[in-house]
Every structure is written in C-alpha cells, then in structure tokens.
Amino acid sequence: MAPARTRVNSLHVAVIGAGAAGLVAARELRLENHSVVVFERDSKVGGLWVYTPNSEPDPLSLDPNRTIVHSSVYNSLRTNLPRECMGYRDFPFVPRPEDDESRDQRRYPSHREVLAYLEDFAREFKLVEMVRFKTEVVLVEPEGQKWKVQSKNSDGISKDEIFDAVVVCNGHYTEPRVAHVPGIDSWPGKQIHSHNYRVPDQFKDQVVVVIGNFASGADISRDITGVAKEVHIASRSNPSKTCSKLPGSNNLWLHSMIESVHEDGSIVFQNGKVVQADTIVHCTGYKYHFPFLNTNGYITVEDNCVGPLYKHVFPPALAPGLSFIGLPWMTLQFFMFELQSKWVAAALSGRVTLPSEDKMMEDVTAYYAKREAYGQPKRYTHRLGGGQVEYLNWIAEQIGAPPGEQWRYQEIDGGYYRLATQSDTFRDKWDDDHLIVEAYEDFLRHKLISCLPSQLLES
C-alpha cells in the first residue's frame, strides 16, 4: 500500500540484537520518531561479525545446557559477495579516504572489515547511545495490547519493561543444524559443526569429511587442506555418482552425499567410494531459534519455517506490534535489513497501513502453496534466491522508496555464480569491473562518496 501523508504514532520500541539488522532497525525506528531501546548480550555492536577464538565445549552444539558462543565466524572468513552490493543503501560499504592501514580494502574483505563497517555505521548515526550492552532478553510476551520484555544484565539482575512493539533482530547463526548420517551413533570418529570452527590446526594429518558445499563448506574445506592429509566434501546437491578431485589442491575431493558410516571408522559415499576418516565437519546451516519468545503457540518454527509471517516479517495476528528483521537468506542481507526496517518503522508510526489480519493470512497461505507446488522443502521457506528482486522491490514500493539498483542485483547474481563455479578463486578474480564502476558512479551521484577511488580512475 502507498504510504500515508502523516505520521500517527510515536511508540516505545524494543529491538533485540545490535548486529547488522538491529542497528539499521534502530536507526529507521528513530527516524520515524519512535523511542528505541536495543538489547545486546555482547559488549559491542556487530552481532555475528564479532569474532572470538572461543568455541563451545560441545563441538556439535547439541547440548541444551552448553555454554553458548554466539559468533560463527572463523578466522579466515571473507565475504561471499562484492562489498559494493553488500552495504546499506545510503552508507556504502566502500573504502574511505579516512581509513587507516589496518582496514581491508579488498573487494571481498575479511570479517574484521565488515565489523569495522558496522562500527562506522553505528558511530555515524549515533546508534550506540540506544544500546544496552551485556543485556540478554529472556522473555518476550504479549501484555494486553503491549509487550512485556524481561531482560537480564551481566550481573544477573532481571528487569521487566513494557513496550508498544518489539522488533526481533537476533540473527539465525547460533543454533546449528546437524546432518542425519546413518550409523553415526557407532562411528568412532570426531564430529564438529562449522559454528565451532575457527582455525584448521586441529585437523593436522587427518582425513576429514566435510558435509555441505555452499559458502562455509567450500571455505572450510579449502582452509583445512593446508594441514589435513585428505579432505572429502559430501554434498546432497551432487548427483549420486559424483567423485572428482577439485582444482587448486592435491588433497581435496568432491563426492555425493554420505550413504553410511561404520564402527571401523569407514565412511561410504553414495558414489560407492569408501574412506577411513578421523573427523566429520557439519557445514549444514542453522536453525531459527527464539527461546525468549512466548506467543502462546501462535508463532512456531517447524523444519526451519517460522510462521505464520506476512512477507517474512509480520505475524498477522500480532502485527505490527511484533516483527522480525532478517529471516530470509540467499539475498542482499544488509540492503534487505534496511528495507524491512523502514517498512516496520513506517507501519508502527501509521505512515504505512498493513492489510487486515485475514488478508495477510491469505497471502501466507498462498505463499506456502506456491512453495509446495514448486516442490521446495519446508526448510526453504525463507530462501529468496531468484525471487529476491521481486521481494525487495515490493517492500521498497510499500515505503515509497526506489527499487533496488540493477547493478546491485547483477552483482549478487554474478557473485553467487562465481561462488558456485570457481569457489577457489571467486574472491580474487571476477569479470564485472563495469558493475564496480556503475556502483561507484551511483554513490558519487547521490553524494555518498566524495570522489571515485584512484584504482577506478586508473582503469
């Protein structure tokens, strides 16, 4: 719906999380004249981009009573997409003249550079003043027409507060999904989830099987090859007879999925190949997890489908008082966070009107039916992929914003293609310099940068 002309409400809003989603949500809410409190359990902003060498005592993170480490970042991690398309629309993720030598100017920079960018963003828009650090939200539940938020600080002191609305931005890279492997209970080797991977040292001289061949699987398997005896990637997306040596390394093989594992330490792949392995690394993704949220059963997480949610953001019966930022994946994350946040902020102020509860539920039901008609598993409910342009442009239309730039969408399409076809070189070799030029010229035209970088001018 088109935005209305005047604001109606100025509300008291809780934001859960001060990562990339929570920071931009806080900014957009404040721009709509809402008062905002951001709850962050860490001591700094950045969310999943805050690296720690620590990992959890349970390497598979299955023990519900374990000490939880919230970061999943490994030491060698670099971005999967070009930085130009990654950033917020009005605060580009580009090298700046004032950056010192510690900053990473590569097109696919390290996780440290992403964290520095988020810290720059928080500083630029004075967001830190809204954040309560070392404060964990332990309960969110309806209280009449408002919301009760119970939090606990680092001293263990609990506090109950009432808010007009709650925006959930707690991320979804903390609760691992682990692959089902026939015979695993009697297999004698070690297992670890990528959530607890930091550096490859522990795999020295080992035979390692990595389950999963998307971003983290491809990264970690190549990281391990420098110290391991052999690394074998098992991927369910590969045809059953797949067995090939991957370029760029003499000890890395790609297989179809694991058929079974056995007491003698052997692992049998669907292609019939057998290896004696020391460790299995699960690069198998994560579960959406909201242990603090009590909606009397209205919102559920079933096979990684969070629902019911209108456009992945609003639960129809609880909208706009409760919303979720950042659930979809395979998309331009920061850009999506920004658009979703603008939509939530405008819906709360009354500048944008949501459909009725019944209409939103009709849309949710239709979306589920479409997913099933295409034969997509339930766990792919929040996977945008090829549908991201339509989704992001639709939200932009709701808030009266221009659609996403073509260069931005072309960069992510090309970025994912290179990731899939040249996983060993895609961060350092590309063929879309013209899109880099378009991006920087766009930033310059909108006065988001003061000049074109010298390397662009030289080329």
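Observations on the model:
- Rounded to the nearest whole Hz, the Karplus-based 3J(HN,Hα) values (6.51 cos²θ - 1.76 cosθ + 1.60, θ = phi - 60°) of the range 56-61 follow the sequence 7, x, 8, x, 9, 6, with x at glycine and proline.
- FRET efficiency, Ser186 to Ala317 (Cβ-Cβ, R0 41 Å, nearest 0.05): 0.30
- The C-alpha atoms of the chain define a longest principal axis, and helix 357-373 lies at about 20 degrees to it.
- Heavy-atom SASA rank of Met336, Met361, Met330 (probe 1.4 Å, accessible area, largest first): Met361, Met330, Met336
- The range 1-71 and the range 400-459 have their alpha-carbon centroids 28 Å apart.
- Taking all protein chains as shown and a probe of 1.4 angstrom, Tyr440 keeps an accessible surface of around 20 Å².
- Antiparallel %, DSSP beta bridges [both residues in the range 1-150], to 5: 50 percent
- For the range 312-351, the relative contact order comes to 36 percent (Cα pairs under 8 Å, sequence separation of at least 6).
- Its relative contact order, with pairs defined as Cα atoms under 8 Å and 6+ residues apart, puts the chain at 19 percent.
- The range 372-459 shape via C-alpha gyration tensor axes, a/c threshold 1.5: oblate
- Net charge, Leu23 excluded, C-beta distance under 13 Å - Lys, Arg +1, Asp, Glu -1: -3
- Residue order for Tyr197, Tyr286 - accessible surface, 1.4 angstrom probe, largest first: Tyr286, Tyr197
- Per residue solvent-accessible surface (Å²) - the range 212-347, probe of 1.4 Å: 36 Å²
- Normalising the average separation of contacting C-alpha pairs (under 8 angstrom, six or more residues apart) by the number of residues puts the relative contact order of the range 11-75 at 31 percent.
- Crossing angle, helix 388-398 versus the chain [Cα axis fit, 0-90 degrees, rounded to tens]: 10 degrees
- Computed E for Ser154/Asp264 - FRET, C-beta separation, R0 35 angstrom, nearest 0.05: 0.15
- Candidate residues His446, His262, His195: accessible-area rank, largest first, probe 1.4 Å: His446, His262, His195
- Cα-based shape type of the range 1-93, given that a ≥ b ≥ c are square roots of the gyration tensor eigenvalues and the cut on a/c is 1.5: oblate
- With the convex hull of the Cα atoms taken as the outline of the chain, the averaged projected area works out to 22.9 nm².
- Ellipticity at 222 nm from helices only: DSSP H runs of n ≥ 4 in the chain, each -39500 (n - 2.57), divided by the residue count, give -8000 deg cm²/dmol.
- When both bridge partners sit in the chain, DSSP labels roughly 50% of those beta bridges antiparallel.
- Within straight-line reach of Lys148, meaning a Cα separation under 26 Å, sit the following lysines at least 8 residues removed in sequence or on another chain: Lys44, Lys134, Lys159, Lys287, Lys311, Lys342.
- In plain terms, the chain from Glu161 to Val274 could stretch by 34.9 nm, reckoned as 0.36 nm per residue minus the Cα-Cα distance.
- For the range 231-288: rounded, prolate or oblate by the Cα gyration tensor [a/c cutoff 1.5]: rounded
- Rolled with a 1.4 Å probe across the full set of protein chains, the surface gives Trp253 an accessible area near 60 Å².
- Within the accessible area of the range 286-438, the carbon and sulfur atoms contribute 50%, probe 1.4 Å, all protein chains present.
The values are calculated or read from the model by the stated rules, or taken from the named source; none is laboratory data. These numbers come from a predicted model, not from an experiment. FYI the Cβ positions are ideal-geometry reconstructions off the backbone, even for glycines, and counts take in every protein chain you see. Side chains are part of the model used for accessible areas, which takes the heavy atoms of the whole protein and leaves out ligands, DNA and RNA. Shrake-Rupley method; radii C 1.70, N 1.55, O 1.52, S 1.80 Å.
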